[in-house]
Amino acid sequence: MVDAVLNSLTEAELAIVRSAEPKALIDLDEDGLLALHGRVRRARDKYVGQYRRQAATVVAETASRGGAYERNQRARDKAEVFERSLARVSTALAKAARHSAAELKAERLTTARPPIVTAPRRPASRARTAADTSAAPRPPQKSAGRKKRDASDIAVGRRKQARKDNRG
């Protein structure tokens with residue numbers, strides 16, 4: 001059945017389907033995949049729309065959806081071929097996008113991260129004291145209630161300022 005549908009495609013449509021084959025997708029970068037995705041999606045949308053319009057007219061003629069289903073097989077098959085091609089391209093595009101996002105993230109992290117400087121090692125003979133092992137004191141954390149009160153105070157001040165600004 002698939003061969004019969006592929007044989008009924010025009011040369012331009014067949015070129016789109018062939019460019020969406022897995023072997024052809026390997027050579028494309030993210031921009032190429034985006035362009036191909038757009039072409040395949042337009043072809044799929046064309047045949048889905050065509051199928052729906054034809055089915056609507058046949059339903060009106062035959063007064064049954066079942067009769068329209070049988071008479072509209074070719075358009076439905078073409079839409080299915082392009083739907084499968086679109087799924088392949090979408091999967092490849094998602095994979096390429098994830099890959100490039102991971103590369104960009106790694107690049108940003110390496111440029112943002114300062115070089116690691118290691119402290120000189122202490123001689124093993126020196127005993128550690130309590131002052132050596134304690135970390136610098138951390139400031140106390142605000143409780144949830146304190147954060148809410150602070151936010152409320154800030155909001156009150158901003159509302160007062162807004163009223164003053166709107167008067168003049």
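The values are calculated or read from the model by the stated rules, or taken from the named source; none is laboratory data. All of these numbers come straight from a predicted model, not from anything done at the bench. When we count neighbours, we look across all protein chains shown, and the Cβ atoms used for this are built from the backbone with ideal geometry, even at glycine.
One table, with the values for the structure above:
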item	result
Selection count where residues are crowded, with 17+ Cβ neighbours inside 10 Å and over 13 Å from residue 53 (Cα atoms), scope the stretch 66-78	2
All positions within the stretch 1-22 that are polar (S, T, N, Q), loosely packed, with under 14 Cβ neighbours inside 10 Å and part of a helix (DSSP H, G or I)	7, 8
Answer from 52, 84 - the residue that is under 28 Å from residue 24 (Cα atoms), surrounded by fewer than 18 Cβ atoms within 10 Å (Cβ to Cβ) and not acidic (Asp, Glu)	84
Odd one out for residue 19 among (1) out of contact with any Ser or Thr (no Cβ under 9 Å at 6 or more places or on another chain); (2) among the hydroxyl-bearing types (Ser, Thr, Tyr); (3) without any contact (Cβ under 8 Å) to a residue 40 or more places away in the chain	(1)
The stretch 38-48: number of residues that are more than 15 Å from residue 14 (Cα to Cα) and surrounded by fewer than 17 Cβ atoms within 10 Å (Cβ to Cβ)	2
Candidate set from the stretch 23-37 (those that are at pLDDT below 90 and in contact with a helix residue (DSSP H, G or I) (Cβ under 6 Å, 6 or more places away or on another chain)); member that is surrounded by the most Cβ atoms within 10 Å (Cβ to Cβ)	25
Criterion: of a type outside the set (D, E, K, R), within 29 Å of residue 42 (Cα to Cα) and at pLDDT 85 or above - qualifying residue of 162, 75, 94, 102	94
Qualifying residue in the stretch 23-41 (condition: out of contact with any Lys or Arg (no Cβ under 9 Å at 6 or more places or on another chain), among the β-branched types (Val, Ile, Thr) and in a helix (DSSP H, G or I))	no
